[in-house]
Structures are given as C-alpha cells and as structure tokens.
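Take a look at the structure below.
Here, each number is a calculation from the coordinates, and none is a lab measurement. Here the structure is a predicted model, which means the values were calculated and not measured.
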Amino acid sequence: MTKSPSTLGPAFVAPKHFFILSLTEPLTDYLNGVEFVWSILDHLGDWIKALIKPNVAALRLKGGFIETALALKDNQIGPAEYNLDGKGGYPEVFVGGEKWPDAALILPGAFIADGQVEIGPGVVIESGAFVKGPTILGPKTQVRQGAYVRGQVYCLGHNVVGHATEAKNVLFLSEAKAGHFAYLGDSVLGAAVNLGAGTKLANLKMDDKAIGFKVQSHLIVLSRRKLGAIIGDHAETGCNSVTSPGALLGPGSRLAPNATAKAGFYPPFSRIGF
C-alpha cells in the first residue's frame, strides 16, 4: 500500500521517535516543528544560517590555509603551544605561556574555505582537514586529519568527524561520532551514535529514482533525489557497513559489520545483519 507522508501522519517518523528532543538545544524548538524526521534535512541550512556566529575571519587573514598552530578563544587568536594528551582527552592550549582554557586548536595544514564557519570552545581541527561553510562546529568537536566538511554541517557538540570522513548536509546531535573513513551525505546522527570504521551512509540511488521506503506496511515515496540515513540516539554501525538511501534506524539499533541496511523503517533496538 502506497501512502504519501501527508496521509501517514507522524506516528512512527516524527523526530521525537528518534531523538530525545529535550537534549537537543538550541535545536529543540526547530525539531519539534518538523513533522517528518527526514524533513530536518530540508531545513538544516536555514537553521545553521539563523544560529551561526562566524568567528574565523581572523584565521583567514592570509587565506584559508593555516600555516601555524593557532588558538581561538572569544574571537581572539594567538600562536598556540599545545599538549594533545590533555585532561579528559582534550588538548591543553597555551598562548605565550599562558593557558587558554577551552580554546579551540587549529593545527597547521588545516584549511578553512570561507568565512561562514563557527568554531566552538575546545574544538580541534587537525592538519589536512578541509572545512567549508555554512558549518557550526559545537564545543569539543574533533575534525580529524583528512576530514572533508563540505558545508551545511551542524555538530551540536562533543562530536567526531573522523580521519578521511566526508560530511555534507549532516546534523550531528551531541556525542555522535564518525571516527574513521566514513561517508555521510544528507543524514542525521542522533545523540551518542557511533559509526564503525568505513561506514557509508549512501544518499543517491543508482537508478536515479526518487527515494522510497516502507514504514510498517506503507510504502512512502518522497519527491526528493537525495536522502542518506536517519539514525536514532545510541545506535551503532559496524565496520564497513552501508545504509541504503532512505534507511531510518530507530534508537538503540545495531547494524552488523559488513552488512547493508536497506531503505526502510527499523524500529528501536533493531538488529540488522546479525
């Protein structure tokens, strides 16, 4: 049976069924106003533009390429000395011998492509990372070596955009992590989601048709060409796993290593590919 989203209602696919919205500030009101969880991606760019406080202009005075380690705190920058094994796993940052608590650290060789980037307290951007706006990197987010942040990326905080990971039009809720070799296209990662190394969230069907998936017994067909994965709070994927365009994984779900989650709705605590 085929239904349009307007006739389905939010019984299974509202954001509140995937995420604890009370823990998503400053996006709680925005998320509460979205009927279908995939619609978050239609609004994400506008939300970023409404909330962003760009603070990279001083970093980019000589162009986007960072030539020496820099500390950023309260819109001030300075040449950084640092200890990468700081308390709690976050670096200790010093400028002129003075400790700068909660300063962001941008390492040599990082590239900030434009001025529409906000770097929060305690953020670390490693050498070789490329960051394009509009993007908000919330507190203590790590953008690791070789990461490619292509824009319309919102990291709420304590996130990881890992080594050789590409992200485009992606919302990371608190503590969501994609640590190694991931592709994240047009997707939402719930709180404390962890993606195993090599996870790919595919967002475009090979037959170039519209995205479709099943919710219960209803086939939903969307008038959009791109949709990656919606992954609920505390879900995990194994190494080298793949989600097909339009995979909706409920909170606490697990996707096995080397397995594929086909398009569709997976209830909370699903076990896929085991």
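Subtracting the Cα-Cα distance from 0.36 nm times the residue separation, let me have the gained length for A192 to Q216 in nm, one decimal.
Between A192 and Q216, full extension yields 6.0 nm more.
Got the relative contact order for the chain handy, in percent, Cα pairs under 8 Å and 6 or more residues apart?
Across the chain, relative contact order equals 12 percent.
In Å and whole numbers, how far do the C-alpha atoms of the range 149-221 stretch along each principal axis, longest first?
Projected onto the principal axes, the Cα atoms of the range 149-221 cover 36, 24, 23 Å.
Sequence neighbours fewer than 8 away in the same chain don't count; with that in mind, list the aspartates and glutamates whose C-alpha is under 19 Å from K62.
D114, E118, E126
In nm, what is the difference between 0.36 nm times the number of residues separating K62 and N258 and their Cα-Cα distance?
66.2 nm
Ignoring everything except DSSP H segments at least 4 long, calculate the 222 nm mean residue ellipticity for the chain; use -39,500 (n - 2.57) per segment, divide by total residues, nearest 500.
-2000 deg cm²/dmol
Please turn the phi angles of the range 50-55 into ³J(HN,Hα) values with the Karplus equation 6.51 cos²θ - 1.76 cosθ + 1.60 (θ = phi - 60°), one per residue in order, whole Hz, x for glycine and proline.
The phi angles translate into 6, 9, 5, 10, x, 9 Hz.
State the Cα centre-to-centre distance between the range 226-274 and the range 92-120 in whole Å.
34
Using only the Cα atoms of the range 53-114, construct the convex hull and provide its projected area averaged over every direction, in square nanometres to one decimal. Provide the component values of the computation, followed by the final result.
Numbers: hull surface 17.5 nm².
Seen from a random direction, the Cα hull of the range 53-114 projects 4.4 nm² on average.
Taking all pairs of different Cα atoms in the chain, averaging 1/r and flipping that mean, what Kirkwood radius in angstroms comes out?
Values: mean 1/r = 0.0529 Å⁻¹.
Taking the inverse mean of 1/r over all distinct Cα pairs, the chain comes out at 18.9 Å.
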